[in-house]
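Report on one structure; see the data block that follows.
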Amino acid sequence: MWGYYKPDEVQLSLITDIAGTSVPATKAYKWGDEYIEFHHCQNCGCLTHYVTTDKVPDAKYGINFRMAPIAKMKDIKVRHFDGADSWQYLD
């Protein structure tokens, strides 16, 4: 379950101190055309989010809501998107 936002629509809060160390919460990687920077947790390795790079004119964040506390998600509106055929929201 992913949420997609413009940078001014969302604020990411990441734990910056893993198990008493000063290791950054996530590590980023890019591949291919380098349009997207993927971030994964340095503690468990799970993909937390991605951000588009400066190569993309319309910045976007993709957030993996499987990593978010349920209490934080209860008021978020869910929209269904047809990514197979029409590339339109279904609501």
Study note, to complete from the structure: The lone condition His39 fails out of (1) in a strand (DSSP E or B); (2) over 14 Å from the mean Cα position of the chain (by Cα) is (2)
Check your understanding: Within segment 5-57, can you find the residues that are of a type in the set (Ser, Thr, Tyr) and modelled with pLDDT under 90?
Key -> Ser13, Thr16, Thr21, Ser22, Thr26
Point to revise | Answer from Ala71, Ala59, Ala84 - the residue that is of a type in the set (A, V, I, L, M), assigned to a loop (DSSP other than H, G, I, E, B) and loosely packed, with under 12 Cβ neighbours inside 10 Å | key: Ala84
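The values are calculated or read from the model by the stated rules, or taken from the named source; none is laboratory data. Computed from a predicted structure; not experimentally measured. Heads up, the Cβs are rebuilt from the backbone with ideal geometry, glycines too, and the neighbour counts pull from every protein chain shown.
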